Amino acid sequence: MAAPIDLELKKAFSELQVKMIDTQQKVKLADLQIDQLTRVQKHAKLTHAEITSLPDNTRLYEGVGRMFILQSKEEINNQLTDKQRTADEKIKELEKKVYLERSVKEAEDNIREMLLTRRAQ
């Protein structure tokens, strides 16, 4: 009777290992994306700090691809705020993936303990 349970546990453990490897890869990618988004946030904050000291009627050039577009200070400020907000949202989303990776790791540990307990009996 213990043999079918052992086979089920081993099968569950191997499936969980596959999921764990997939999740680890996703988390590594998420970490890279979080780093990149953090740099975007930092750049936006620094640019915003530089722009705030300028007079309100100042027009600035913004690089878009290979062109430069003349825009008002307010438009550029709005774009920077949007970039920061978007980066914040994406970082929160990606941090959920890190949490999922930890929960999959805990489940893998639980199944490993169950296997060891079965073998000890």
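Observations
- Only one of LYS73, LYS92, LYS105, LYS96 that is among the charged types (D, E, K, R) and over 30 Å from GLN17 (Cβ atoms): LYS73
- Considering residues of region 61-106 that are out of contact with any helix residue (DSSP H, G or I) (no Cβ under 6 Å at 6 or more places or on another chain) and among the small types (Gly, Ala, Ser) only, the residue most open to solvent (accessible area, probe 1.4 Å): GLY65
- All of LYS19, LYS10 fail the test of being within 26 Å of ILE91 (Cα to Cα), open to solvent by 70 Å² or more (accessible area, probe 1.4 Å) and assigned to a helix (DSSP H, G or I), apart from LYS19.
- Any hit, region 33-46, residues being within 30 Å of ASP109 (Cα to Cα) and either surrounded by 13 or more Cβ atoms within 10 Å (Cβ to Cβ) or of a type in the set (A, V, I, L, M) (or both): yes
- Subset tally (residues that are open to solvent by 90 Å² or more (accessible area, probe 1.4 Å) and free of Cβ contacts under 8 Å to residues at least 60 places away in the same chain) for region 22-32: 4
- Look at region 67-92: where a residue is over 16 Å from LYS42 (Cα atoms) and assigned to a helix (DSSP H, G or I) and a partner is acidic (Asp, Glu) and open to solvent by less than 70 Å² (accessible area, probe 1.4 Å), sitting 6+ places away or on another chain with Cβ atoms under 9 Å, you get GLU75/GLU62.
The values are calculated or read from the model by the stated rules, or taken from the named source; none is laboratory data. Worth saying up front: this structure is predicted, and the values here are computed from it rather than measured. All Cβ positions, even for glycine, are placed from backbone atoms using ideal geometry, and neighbour counts span all protein chains on display. Areas reflect the complete protein model, heavy atoms only, side chains present, ligands, DNA and RNA absent. Shrake-Rupley method; radii C 1.70, N 1.55, O 1.52, S 1.80 Å.
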